[in-house]
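The values are calculated or read from the model by the stated rules, or taken from the named source; none is laboratory data. All of these numbers come straight from a predicted model, not from anything done at the bench. Neighbour counts run over all protein chains shown; Cβ positions are idealised from the backbone, glycine included. Note: areas computed on protein heavy atoms with side chains; ligands, DNA, RNA excluded. Shrake-Rupley method; radii C 1.70, N 1.55, O 1.52, S 1.80 Å.
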Amino acid sequence: MLNTQELHPGLANWLSGVNEQVKLQGDSAARRITPGFMRKSLARMTDAFVTDAPAIARVQDSIIGRSIPLRIYDPSPDIPKPVTLFLHGGGHMCGSIQVYDPICRKLANASGQLIVAPDYRLAPEHPYPAALEDCYTVIQHLWSHLDDASLLYTPTLSLAGDSGGGALCATLSALSQQDPNLPISRQALIYPSLDYTLSSPSVDTLAHGYLLEKPRIQWYFDHYFQADECRRSASPLFMPVSSQSPATLMVTAGFCPLRDEGSRYLERLTEAGVATEHHLEPSMIHAYLNLEDLVPQASSRTYEAVARFLNSA
């Protein structure tokens, strides 16, 4: 049963319908859960509820590195601007630059930055660490690629990502502490997945009824890790941090099962002396940016918070 006391009314009504439909379908719904089904579900949901895709002065598709598709959003082609690499969410299994196109457009407009969005490889066809390798490759080739495309930029790189994309951002940030080839200045993590061991309390207290459910998270992870990897070691929450870690904005949602691991990660960074900010939307659920038409004000506040952080000194 949903706790509707603080949940946004628009989300509460929509979730009640979703949960009732799942209940009516029973076991047949569980049997239909495949990677392809989940990819189509995320695409349909985003298409239905993110209906505003603002115009951007320049949008172009290209290929980088080992045949990695890339989409670049330039809101002001005549002016050099900082660069943000946006890594989409989807549990390492779903999402694409096409699904996230309106979200990237909004981020480019809000921030004024050059937004670079790669189509990294997805599990289960390409398990861990394929997606991470793709994102690393993009960063290695990024400046020369932008030069070849005659794009104006300043060589300052930030990372932004939601959910599984946030996990990739935080992992790259951890690796950057020992790798001078990862010049990351700051990261904006939007309800990120940071703990592959699922050890935070909110994973259990919000395990059912709020769109992203614990059994589904476990299912995503089981498809992502296919070689008996140590999931704790692969979790950004448990990776080393230092005062040299990138400045971090953490966006969490009050009814997201990943909420507590985001807060724990931010606490570790703060204790290490890293500049941090926390933007909490207490009445939201996971993936609310993909449900923007239901929660336009919360979505707008989030884009503004991310843009302000990315452009802060």
(message) Quick test of your reading of the structure: GLU304 fulfils all but one of (1) in a helix (DSSP H, G or I); (2) farther than 24 Å from VAL99 by Cβ; (3) open to solvent by 10 Å² or more (accessible area, probe 1.4 Å). Name the failing condition by number.
(response) (2)
(request) Please work out if PRO257 is under 17 Å from GLY89 (Cα atoms) and buried (at least 23 other Cβ atoms within 10 Å of the Cβ). (result) yes
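Is it fair to say ASP147 is closer than 27 Å to SER299 by Cα, open to solvent by 10 Å² or more (accessible area, probe 1.4 Å) and assigned to a helix (DSSP H, G or I)?
no
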(request) Evaluate the following for PRO80: is it in contact with a helix residue (DSSP H, G or I) (Cβ under 6 Å, 6 or more places away or on another chain), surrounded by fewer than 19 Cβ atoms within 10 Å (Cβ to Cβ) and modelled with pLDDT of 95 or more? (result) no
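State yes or no: is GLU213 within 20 Å of CYS94 (Cα to Cα), out of contact with any helix residue (DSSP H, G or I) (no Cβ under 7 Å at 6 or more places or on another chain) and open to solvent by 20 Å² or more (accessible area, probe 1.4 Å)?
Numbers: within 20 Å of CYS94 (Cα to Cα): yes; out of contact with any helix residue (DSSP H, G or I) (no Cβ under 7 Å at 6 or more places or on another chain): yes; open to solvent by 20 Å² or more (accessible area, probe 1.4 Å): yes.
Taking the combined requirement at face value, the residue satisfies it.
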(message) Among (1) without any contact (Cβ under 8 Å) to a residue 60 or more places away in the chain; (2) of a type in the set (Val, Ile, Thr); (3) surrounded by fewer than 16 Cβ atoms within 10 Å (Cβ to Cβ), there is one condition ILE139 misses while meeting the rest; what is its number?
(response) (3)
(message) If the requirement is being at pLDDT 95 or above and not aromatic (Phe, Trp, Tyr), which of these qualifies: PRO192, PRO180?
(response) PRO192
(request) Please specify each residue of the range 36-53 satisfying the condition of being surrounded by 18 or more Cβ atoms within 10 Å (Cβ to Cβ) and among the aliphatic types (A, V, I, L, M). (result) MET38, LEU42, ALA43, VAL50
(message) Anything in the range 270-313 that is within 17 Å of ASN109 (Cα to Cα) and of a type in the set (Asp, Glu)? List them, or say none.
(response) GLU292, GLU304
(request) Might you let me know whether the range 261-282 holds any residue that is among the aromatic types (Phe, Trp, Tyr), over 21 Å from GLY10 (Cβ atoms) and out of contact with any Leu (no Cβ under 9 Å at 6 or more places or on another chain)? (result) no
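Can you pull out every residue in the range 217-236 that is farther than 14 Å from GLN187 by Cβ and either crowded, with 16+ Cβ neighbours inside 10 Å or under 15 Å from the mean Cα position of the chain (by Cα) (or both)? Spell out how you get there, then give the answer.
Initially, the range 217-236 is screened for residues farther than 14 Å from GLN187 by Cβ, giving 217-235.
The answer is ILE217, TRP219, TYR220, PHE221, HIS223, TYR224, PHE225, ARG231, ALA234, SER235.
Suppose we filter ASN13, ASN19 for residues that are part of a helix (DSSP H, G or I), surrounded by fewer than 18 Cβ atoms within 10 Å (Cβ to Cβ) and free of Cβ contacts under 8 Å to residues at least 60 places away in the same chain; which single one remains? Step through it out loud before you land on a result.
Values: ASN19 fails: free of Cβ contacts under 8 Å to residues at least 60 places away in the same chain.
Matching residue, one of ASN13, ASN19: ASN13.
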(request) Run GLN113 past the list (1) over 22 Å from LEU182 (Cα atoms); (2) touching a helix residue (DSSP H, G or I) at 6+ places or on another chain (Cβ under 7 Å); (3) among the polar types (S, T, N, Q) and report the number of the one that doesn't hold. (result) (1)
(request) Return a yes/no flag: does the range 170-184 have any residue that is free of Cβ contacts under 8 Å to residues at least 24 places away in the same chain, assigned to a loop (DSSP other than H, G, I, E, B) and among the polar types (S, T, N, Q). (result) yes
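Looking only at the range 232-267, count how many residues are basic (Lys, Arg) and more than 15 Å from PRO192 (Cα to Cα).
Restricting attention to the range 232-267, the residues satisfying the condition of being basic (Lys, Arg) are 232, 259, 264.
Remaining after also requiring more than 15 Å from PRO192 (Cα to Cα): 232.
So the count comes out to 1.
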(message) Taking the condition of being of a type outside the set (D, E, K, R) and either touching a His at 6+ places or on another chain (Cβ under 9 Å) or open to solvent by less than 10 Å² (accessible area, probe 1.4 Å) (or both), how many residues in the range 152-168 meet it?
(response) 11
(message) Condition first: open to solvent by less than 10 Å² (accessible area, probe 1.4 Å) and farther than 30 Å from PRO124 by Cα. Now tell me which residues in the range 84-113 satisfy that.
(response) ALA108, GLN113
(request) Go through the range 88-110 and give me each residue that's of a type outside the set (Asp, Glu) and either more than 22 Å from TYR224 (Cα to Cα) or in contact with a Pro (Cβ under 7 Å, 6 or more places away or on another chain) (or both). (result) MET93, ILE97, PRO102, ILE103, CYS104, ARG105, LYS106, LEU107, ALA108, ASN109, ALA110
